[in-house]
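Before any comments, here is the structure.
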Amino acid sequence: MRLELKRAIGTSIKSYRLKRDVSQESLGPSQPYISNLEAGRGSASLDKIEQMADVLGVHPISIIFAGFLISNDDANKDQLIERIRIELAEIGL
């Protein structure tokens, strides 16, 4: 079953937040905003993801990557990392 990516990113944010014992209020944006994100009722902009990642002490890509893995039951993180390496090489990075 495929979970909607925006809901999975909310789940990713919540997982990091709980693991690091950070309250919704401490995460940056307002508590209702965070609550809505974590419940899959909203989408975070890249700016907001970057802000929350900074508070959580993780790379913003980790939040998005974890969300993608959560949203795809059959996703393999090693295969996904290799795919990203190949795609970055295509543009000279």
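Place a +1 charge on the Cβ of each Lys and Arg in the stretch 43-89 and a -1 charge on the Cβ of each Asp and Glu, then give the dipole magnitude about the Cα centre in debye, rounded to the nearest 20. Please list the in-between numbers first.
On the way: 4 positive and 8 negative charges, 8 e Å.
My answer is approximately 40 debye.
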For the stretch 26-41, in order, what is each residue's ³J(HN,Hα) by Karplus, 6.51 cos²θ - 1.76 cosθ + 1.60 with θ = phi - 60°, in whole Hz (x at glycine and Pro)?
7, 6, x, x, 5, 4, x, 4, 5, 4, 5, 4, 5, 8, x, 9
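So if R0 is 30 Å, what FRET efficiency would residue 41 and residue 74 give, r being the distance between their Cβ atoms, rounded to the nearest 0.05? Mind showing how you got there, number by number?
Working: r = 26 Å, r/R0 = 0.87.
So, using R0 = 30 Å, E works out to roughly 0.70.
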Residue by residue through the stretch 56-69, what is 3J(HN,Hα) from phi via Karplus (6.51 cos²θ - 1.76 cosθ + 1.60, θ = phi - 60°)? Round to whole Hz and write x for glycine and proline.
7, x, 10, 6, x, 5, 4, 5, 5, 4, 4, x, 5, 4
About its Cα centre, the chain carries a charge dipole, from +1 on Lys and Arg Cβ atoms and -1 on Asp and Glu Cβ atoms, whose size in debye to the nearest 20 is 260 debye
Label assignment, percent of Cα pairs over 21 Å apart derived from the structure, set (i) 39; (ii) 26; (iii) 33
(iii)
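Using the Cα gyration tensor of the stretch 30-79, with a ≥ b ≥ c the square roots of its eigenvalues, what is the shape: rounded (a/c below 1.5), prolate (a/b larger than b/c) or oblate (neither)? Let's see the in-between values first.
On the way: a/c = 2.79, a/b = 1.47, b/c = 1.90.
It comes out oblate by the Cα gyration axes.
Bear in mind that the values in this text are calculations on the coordinates, not laboratory data. Treat the numbers as computed from the prediction; the structure is a model and nothing was measured. Cβ coordinates were reconstructed from backbone atoms using ideal geometry, including for glycine residues, and neighbour counts include every protein chain displayed.
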